[in-house]
Amino acid sequence: MALRVLFQSALGLYLVATAAFLVHIVTLRKWAERWGTGLLAVGFAVHAAAIGVRWRVAGHPPVTNLHEALSFVGWAVVGAYLLVQWRQRVKALGAFVTPLAAVLMVASSLQPAAVPDLPPALRSYWLPVHATICLLGDAVFALAFCLAVMYLLQERQIKHKRLGGIFRRLPSLDVLDALNYRCLTLGFPLLTVGIVTGSIWAEQAWGSYWSWDPKETWSLITWLLYAALLHQRLTVGWRGRRAAIMTILGFGALFFTFLGVSVLLPGLHSYANWFE
Amino acid sequence: MPTGSSRSRLLLLGVNHKTAGVEVRECLALGGAPRPPLEIFAGLPACEEVLFLSTCNRVEVLAASPDPKAAAAAIREVWCTVGGGDPGTLDRSLYVHLDEAAVRHLFRVAASLDSMVVGEPQILGQLKEAYRKAAEAKTLGLVLNRLLNRAFSVAKRIRTQTRIASQAVSISYAAVELARKIFGDLSDKRALLIGAGEMAELAARHLLANGVRGLVVANRTLARAADLARELGGEAVGLDELEAALEGADIVISSTGAPGLVIQEEMVRRVMRRRRQRPLFFIDIAVPRDVDPAVNEVDNVYLYDIDDLKGVVEGNKAEREREARKAERMLDLEVLKFQAWLESLDVVPLIRRLQDKGEAIRRRELERSRSALGELTPKQAAALDRLTTSIVQKLLHDPIVTLRRSAGAEEGRELLDAAYRFFNLNGAEPAPDAGGARGKEAAPAGPKGPEGRPRRG
């Protein structure tokens, strides 16, 4: 009961914060941004409490079904956003990130929320390590995705010389590109460690490091995309529009790995299969 | 109909860039007057409070006066005699605003809605300076003080809540605004000036003033480049070193008189590879153009020619117009509020007279009855005092509350006049049945000066 109240409160706070950020980006009223940030921070704390309570009740990190995973990624996205806002203020970012977090939470709330019993194979200390690292990586890449969308919008305005309202509201290309790069340098190691720990865990649980299960395959595709982006950035000096497009492609693959594979394709990681 | 109000009224007269040429404005600024203009205007008998504003685009006198007609004539007279203005020209170019119109005009000036470039920030500073001078010379009283402070806060609110001042309305500003949206911080960026034309120099100066770190001047004649580079604190290169110079630059301003293209797409593509794709921003203000338009297609390269920049500026101006209309609506409300405050001032003297009259009647009637009451103990005397005071206060309480509440409202004026008549507060002879000679004594001696409004000096 307390769990539900906490979760619903966090969801409500995120929705109101989203509305406040949207009001801010349209009207540029300062109070809207302040309220948005405040509500989001409170929502984040409440959400953290919800995750903590669930962890305690279940006895393992709440990242084992779709409801939990979506909720955890939503929480991590909000956390990553608050961190960016704290270190480097990018005012318009809230209007892009909070809707994403809100959608994740709404999607999570539509999933069965019962605390699941873990199958024996998953009862391992690798669960918190592997799953949380993967989901944190997802959250950082989600932030990079928002930044890439903002970059493309802003770049388009400048290239086409149509400087509308968006031009004034979005930060400079340089800031967006630099933040995007920082997300990449943080997200990529997380993704890599996530895959490696998953592989070790798979060896322990099923006796094989890699079994080309759809999730593993798609993780590899995603990893290769981000690796290519990082490589091009470091060697050729890719930046700006190309990097932004690649970030969006990478996030597309990541999204499919996270959700598409779990829901659509049968395999070891498929949430749907675990509890049938 | 007699009204008890003797409130001084607001008067604003002056000329601005729209109504008068610069020579008229110079005359009215009273630059050659033997005494400071503020002192001259403050010395006019019809002006209770005065503020004098003189900028390159406007000369205005704002005054509070019980007789605005006489004050306007006197101010006009000063302008003709001291400033040497021609009366005919003056009449054609002078605007005169009274009360609400004066408030509105002042608010519009403060918010920079009446400026040549709407939204320019200088005028507010100039108005504050005029205010400071007037405050020092003690030519301000309650009304102008309050009015000016309201004007400042209205201007600030309009500036923060609308975007009348947020867009660049000159080519140079537009270039800087764009550079900021591409590079963010300009302090580690370098500019390259190709050609040494006046407009390019202006743009370069503007970039430097906005924090751009280094400057390279490239010109066909190296000597001219060296001159300009020395002046702007940069270095000079010849046109043959252009490609190398492009490699180190972030913002390029080009304005050569060359008939053909100085910078080709191929050159930029080569340079971009060597720059490892660091963004490059071209501002081509040459006619005919110096930079191949196809350069804009290269990744991370942004090219704006003179027409593009003009387009940006025009777009910004249109946006400002829209924002200005929003500002006018905000202003309307503020004018009404100030007007209401001003009218509420009328109630203060009325209430005081009403209380004075009540107190006078009470004392006199008490005095008259004392002999009939015989010797009273101090306790009885005090009780009697309390009783009579309480009756008078309770009787006057409701009218006073009603008057306070209606101050500034539409029906307030009528109510005010009615109150003066009901209570006979104008010092006129009371009706014969009101107690004969006693009534005459009861009325306070003539109208007092407007309370709550200290005269200057």
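If you take the residues in region B:311-329 that are surrounded by fewer than 14 Cβ atoms within 10 Å (Cβ to Cβ) and not hydrophobic (A, V, I, L, M, F, W, C), which one is farthest from B:Val252 (Cα to Cα)?
Keep residues of region B:311-329 that are surrounded by fewer than 14 Cβ atoms within 10 Å (Cβ to Cβ), which gives B:314, B:318, B:321-322, B:325, B:329.
Adding the requirement that they be not hydrophobic (A, V, I, L, M, F, W, C) leaves B:314, B:321-322, B:325, B:329.
Values: B:Glu314: 23, B:Glu321: 31, B:Arg322: 33, B:Arg325: 37, B:Arg329: 42 Å.
Result: B:Arg329.
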Among the residues of region B:288-308, is there at least one that is away from chain A (no Cβ under 12 Å), in contact with a strand residue (DSSP E or B) (Cβ under 6 Å, 6 or more places away or on another chain) and part of a loop (DSSP other than H, G, I, E, B)?
-> yes
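Quick one: in region B:51-68, which of the residues that are of a type in the set (Gly, Ala, Ser) and open to solvent by less than 10 Å² (accessible area, probe 1.4 Å) is nearest to the chain's Cα centre (by Cα)? I'd like the intermediate steps shown before the answer.
From region B:51-68, those of a type in the set (Gly, Ala, Ser) are B:54, B:63-65; that's our starting set.
Still in the running and open to solvent by less than 10 Å² (accessible area, probe 1.4 Å): B:63-65.
Numbers: B:Ala63: 15, B:Ala64: 17, B:Ser65: 21 Å.
Only one residue fits best here, namely B:Ala63.
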A:Ala58 passes all but one of (1) over 14 Å from the mean Cα position of the chain (by Cα); (2) at pLDDT 90 or above; which number fails?
-> (2)
Helices (runs of 4 or more DSSP H) lying entirely in region A:106-221 (those with 3 or more residues that are more than 14 Å from chain B (Cβ to nearest Cβ), surrounded by 15 or more Cβ atoms within 10 Å (Cβ to Cβ) and at pLDDT 90 or above) = A:126-160, A:173-206
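Give the number of residues within region A:80-103 that are of a type outside the set (A, V, I, L, M, F, W, C) and open to solvent by 20 Å² or more (accessible area, probe 1.4 Å).
Step one: list which residues in region A:80-103 are of a type outside the set (A, V, I, L, M, F, W, C), which gives A:81, A:85, A:87-89, A:91, A:94, A:98-99.
Within this subset, residues satisfying the condition of being open to solvent by 20 Å² or more (accessible area, probe 1.4 Å) are A:87-89, A:91, A:99.
Counting residues in region A:80-103 that are of a type outside the set (A, V, I, L, M, F, W, C) and open to solvent by 20 Å² or more (accessible area, probe 1.4 Å) gives 5.
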Can you find a residue in region B:252-273 that is without any contact (Cβ under 8 Å) to a residue 12 or more places away in the chain and part of a helix (DSSP H, G or I)?
-> yes
Which residues, taken from region B:110-153, are in contact (Cβ under 8 Å) with a residue 60 or more places away in the chain, among the hydrophobic types (A, V, I, L, M, F, W, C) and in contact with a Phe, Trp or Tyr (Cβ under 9 Å, 6 or more places away or on another chain)?
-> B:Leu113, B:Leu127, B:Ala130, B:Ala134, B:Leu140, B:Leu144, B:Leu147, B:Leu148
For region B:319-338, which residues satisfy the criterion of being within 12 Å of chain A (Cβ to nearest Cβ) and out of contact with any Lys or Arg (no Cβ under 6 Å at 6 or more places or on another chain)?
-> B:Glu319, B:Arg322, B:Lys326
With the first residue restricted to region A:214-233 and required to be within 15 Å of A:Leu259 (Cα to Cα), and the second required to be open to solvent by 40 Å² or more (accessible area, probe 1.4 Å) and part of a helix (DSSP H, G or I), Cβ contacts under 8 Å at 6 or more apart or on different chains are A:Trp218/A:Phe256
B:Ile123 passes all but one of the listed conditions (1) in contact with a His (Cβ under 7 Å, 6 or more places away or on another chain); (2) in a helix (DSSP H, G or I); the exception is number (1)
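For the structure I just gave you, tell me whether B:Ala71 is surrounded by 20 or more Cβ atoms within 10 Å (Cβ to Cβ) and in a strand (DSSP E or B). Show your work before the answer.
Numbers: surrounded by 20 or more Cβ atoms within 10 Å (Cβ to Cβ): yes; in a strand (DSSP E or B): no.
Spelling it out, it is not the case that B:Ala71 is surrounded by 20 or more Cβ atoms within 10 Å (Cβ to Cβ) and in a strand (DSSP E or B).
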Considering only residues of region B:147-175 that are at the interface with chain A (Cβ under 9 Å from one of its Cβ atoms) and outside any helix (DSSP H, G or I), which is farthest from the chain's Cα centre (by Cα)?
-> B:Gln167
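Test B:Leu178 against the criterion of being more than 12 Å from every other protein chain (Cβ to nearest Cβ), open to solvent by less than 10 Å² (accessible area, probe 1.4 Å) and in contact with a strand residue (DSSP E or B) (Cβ under 7 Å, 6 or more places away or on another chain), and give yes or no.
no
Residue by residue, here is whether (1) of a type outside the set (A, V, I, L, M, F, W, C); (2) within 22 Å of A:Ile158 (Cβ to Cβ); (3) open to solvent by 30 Å² or more (accessible area, probe 1.4 Å) holds:
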site: B:Thr256; (1), (2), (3): yes, no, no
site: B:Val262; (1), (2), (3): no, no, no
site: B:Val268; (1), (2), (3): no, yes, no
site: B:Arg273; (1), (2), (3): yes, yes, yes
site: B:Arg278; (1), (2), (3): yes, yes, yes
site: B:Phe282; (1), (2), (3): no, yes, no
site: B:Ile285; (1), (2), (3): no, yes, no
site: B:Pro288; (1), (2), (3): yes, no, yes
site: B:Asp292; (1), (2), (3): yes, yes, yes
Subset tally (residues that are within 14 Å of chain A (Cβ to nearest Cβ) and within 32 Å of the chain's Cα centre (by Cα)) for region B:186-217 | 2
Cβ pairs under 8 Å, 6+ apart, first in region B:184-200 and assigned to a loop (DSSP other than H, G, I, E, B), second surrounded by fewer than 15 Cβ atoms within 10 Å (Cβ to Cβ) and of a type in the set (Gly, Ala, Ser) = B:Asp185/B:Gly211; B:Leu186/B:Gly211; B:Ser187/B:Gly211; B:Gly195/B:Gly257; B:Gly197/B:Gly257
Sole miss for B:Gly315 among (1) closer than 30 Å to B:Phe281 by Cβ; (2) not polar (S, T, N, Q); (3) not in a helix (DSSP H, G or I) is condition (3)
Taking B:Leu90 and the conditions (1) among the hydrophobic types (A, V, I, L, M, F, W, C); (2) part of a helix (DSSP H, G or I); (3) over 19 Å from B:Val22 (Cβ atoms), which numbered condition does it fall short on, given that it satisfies the others?
-> (3)
Any idea how many residues of region B:158-184 are out of contact with any Ser or Thr (no Cβ under 8 Å at 6 or more places or on another chain) and either of a type in the set (Val, Ile, Thr) or modelled with pLDDT of 90 or more (or both)?
-> 8
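Listed here are the residues, each with its yes/no results for (1) over 30 Å from B:Met267 (Cβ atoms); (2) under 34 Å from the mean Cα position of the chain (by Cα); (3) among the basic types (Lys, Arg); (4) within 14 Å of another protein chain (Cβ to nearest Cβ).
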residue: B:Ala286; (1), (2), (3), (4): no, no, no, no
residue: B:Gly311; (1), (2), (3), (4): no, yes, no, yes
residue: B:Ala340; (1), (2), (3), (4): yes, yes, no, no
residue: B:Glu343; (1), (2), (3), (4): yes, yes, no, no
residue: B:Val347; (1), (2), (3), (4): yes, yes, no, no
residue: B:Gln355; (1), (2), (3), (4): yes, no, no, no
residue: B:Glu367; (1), (2), (3), (4): yes, no, no, no
residue: B:Gln380; (1), (2), (3), (4): yes, no, no, no
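The values are calculated or read from the model by the stated rules, or taken from the named source; none is laboratory data. Remember, predicted model here, so these are calculated numbers, not experimental data. Cβ coordinates were reconstructed from backbone atoms using ideal geometry, including for glycine residues, and neighbour counts include every protein chain displayed. Protein only, heavy atoms only, side chains kept; ligands, DNA and RNA dropped before computing areas. Shrake-Rupley method; radii C 1.70, N 1.55, O 1.52, S 1.80 Å.
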